[in-house]
Amino acid sequence: MKSKWALLALGLSFTGACWAAPIDDLVLAAELDDGYNVSKLLQRGVDPNKPDARGRYALGVALREESDKALDSLLAHPQLDILAVNSNGETALMLAAIKGKLSWVQKIVKKGAPVNTAGWTPLHYACSGPDNGVAAWLLTQGADINARSPNGSTPLMMAARYGALDLPAQLLRAGADVNLRNEQGLSAADFADKAGRDELQAKLLKLMAKSGG
């Protein structure tokens, strides 16, 4: 629950007491899911692509805090850089995907975020989280089902170790290649083994043997 003292501080800031750093007000409004004041600050010309005094960006904070109203206000701003990456090289689409937030993913793609990127992709991220239909939707938008991360890992590998238990089967039905290996020589079956998913590992090994992999 948002602190009433934080809300009070935000209100004071908006009256002018702390107007020297409007970007700080914007990031705080995003953190508190105050979509109304996010919109007001953007209308006043605050740049959503600049960091606050703590190095935080409004979009990243809204995604982290799951601030739906603030996110909608930010996405409505024409100057928002939807392709910006954080210190870990992650885009807004990746962060929405790993949280399994399908509605966010759809809005961010509509804003112009590409579903395919070099290296780690939004599909890799979707397959590493709760999913909630994100991976399937990304595939309908042309996501590369066998995309390779910098170390050669595929979305199927991520799903086998980190994703929802029913996701590997969905990916396989959609055409994921069970025989691919990453730079360490690991297959999706090996990823399942590392996660202690013995039943999944057995199924993947059986598919590999059947296909001659």
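Values quoted throughout were computed directly from the atomic coordinates according to the rules given, and no laboratory measurement underlies them. Computed from a predicted model, the values in this text were never measured in an experiment. Neighbour counts run over all protein chains shown; Cβ positions are idealised from the backbone, glycine included.
Across the chain, Cα-Cα distances exceeding 29 Å account for 36% of all pairs.
Helix 102-111 axis versus longest C-alpha principal axis of the chain: approximately 70°, rounded to the nearest ten. Charge tally for residue 190 (other residues, Cβ to Cβ under 12 Å; Lys, Arg +1; Asp, Glu -1): +3. Working note: 222 nm ellipticity from helices only, DSSP H runs with n ≥ 4, each -39,500 (n - 2.57), summed and divided by the residues of the chain, gives -14500 deg cm²/dmol to the nearest 500.
Just want to confirm a number: the relative contact order over the range 129-213, from Cα pairs under 8 angstrom separated by 6+ residues, in percent. Kindly include the intermediate steps, with their values, before the conclusion.
Values: 96 pairs, mean separation 21.8, N = 85.
This gives 26 percent for the range 129-213.
Of the GluC sites (Glu not before Pro) found in the range 18-68, those that fall in a DSSP loop while having at most 13 other beta-carbon atoms within 10 Å are 66. Legend: ranking of residues 91, 140, 154 from fewest to most surrounding C-beta atoms inside 10 Å; resulting order 140, 91, 154. Normalised by the number of residues in the range 67-155, the average gap of Cα pairs under 8 Å and 6 or more apart makes the relative contact order 25 percent.
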